[in-house]
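Structure first, commentary second.
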Amino acid sequence: MTMNRTNDAAGWQKCRALLFDKDGTIINFRLLWLGWCREVVQTLGPGYGSAEVEKSLSAWGVDLALGSIDPGGLLAIGSRQDLQQSLAEKLMEESRFPEEKMRSDLSGAIEQAYDAVEKKGLVQPIEGVSAVITELYRQGYKLAIVTTDDTQKAEDNLKMIGLDRYFQVVLGCDRVVHCKPAPDLVLEACRQLDLSPGEAAVIGDTVADMKMGKAAGAAFSLAVASGVTTPGRLSEFADMVIESVAFMVSR
């Protein structure tokens, strides 16, 4: 099912490159990141109290008890640095632990959580996406990843699901000055692809993705409802909304 904001497909016809967000667009967001949050709680719990750490995840827009994620929260749109800083500040509101120790413990917990979700097989593609990425590559599109995650983690994730060879460029927020919704990721990806933003489409599952594409002057902004943002909200900012990347190619 699709919902068009405009019937003008001229922008899409200009696209030679497709710039994809990673989590919620290519990779199952809830499976990966709710699992990642649980690992953070488990690692920090013995020293800081599991209940207190879980409560502090509100700084990320996360409620583990309900399994809910705020589409505009830091887990959905923030960088690793944003997550680490915000949780440290939240914990320090109640904790008597030294700040330096807390920040060190939190950094270690975040790294352990990354390793744990990989080992537990929680990095999984959204159903049907792998076949579509393969087909888009075959059709000659230049493909890139533009993500709030760190670049190396994004590359590792793509290798785990067998899609790394299809993406010519992989960029995380650690490679640009300003992350989403700023245009930096799109501009840098297009520079590396030797194309203008007016020849690229941005595909993502958040309002920040859509705003990023518009700010960069991308030819087309395609939203997917496979993440944590509702189709209605996405339609306010996207040129088109579809159920998932799996529906980009007719089947």
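No lab work stands behind these numbers, since they all come straight from the coordinates. Keep in mind that this is a model prediction, so the values were computed, not measured. Note that each Cβ is placed from the backbone with ideal geometry, even for glycine, and that neighbours are counted across all protein chains shown.
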Starting from the coordinates of the alpha-carbon atoms of segment 30-119, obtain the Kirkwood hydrodynamic radius over all distinct pairs and give the value in Å to one decimal.
-> 12.9
Between the Cα axis of helix 129-138 and the main Cα principal axis of the chain, the angle (0 to 90°, nearest 10) is 40
Which order results if LEU34, LEU19, LEU44 are arranged by neighbouring Cβ count within 10 Å, fewest first?
-> LEU34, LEU44, LEU19
To the nearest 10 degrees, the tilt of helix 184-193 (Cα long axis) against the first principal axis of the alpha carbons of the chain is 50
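Ranked by Cβ crowding within 10 angstrom, fewest neighbours first, how are ILE26, ILE203 ordered?
On the way: ILE26 30, ILE203 26.
The order, fewest Cβ neighbours first, is ILE203, ILE26.
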What's the center-to-center distance, using Cα atoms, between segment 17-95 and segment 139-181 in Å?
-> 20
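Output the relative contact order of segment 30-119, whole-number percent, from Cα pairs under 8 angstrom with separation of 6+ residues. Show your work: numbers first, answer last.
Values: 85 pairs, mean separation 31.5, N = 90.
It comes to 35 percent, rounded to a whole number.
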Honestly segment 124-174 on the Cα gyration tensor test (a ≥ b ≥ c root eigenvalues; a/c under 1.5 rounded, otherwise a/b vs b/c for prolate or oblate) is just oblate
Neighbour-count order for MET92, MET212, fewest beta carbons within 10 angstrom listed first | MET92, MET212
Could you work out the relative contact order of the chain, using alpha carbon pairs under 8 angstrom and six or more residues apart, expressed as a whole percent?
-> 28
Return, in residue-number order, each cysteine of the chain whose C-beta is not under 4.7 Å from any other cysteine's C-beta.
-> CYS15, CYS37, CYS190
So what's the net charge close to SER226: Lys and Arg +1, Asp and Glu -1, counting the other residues with Cβ under 11 Å from its Cβ?
-> -4
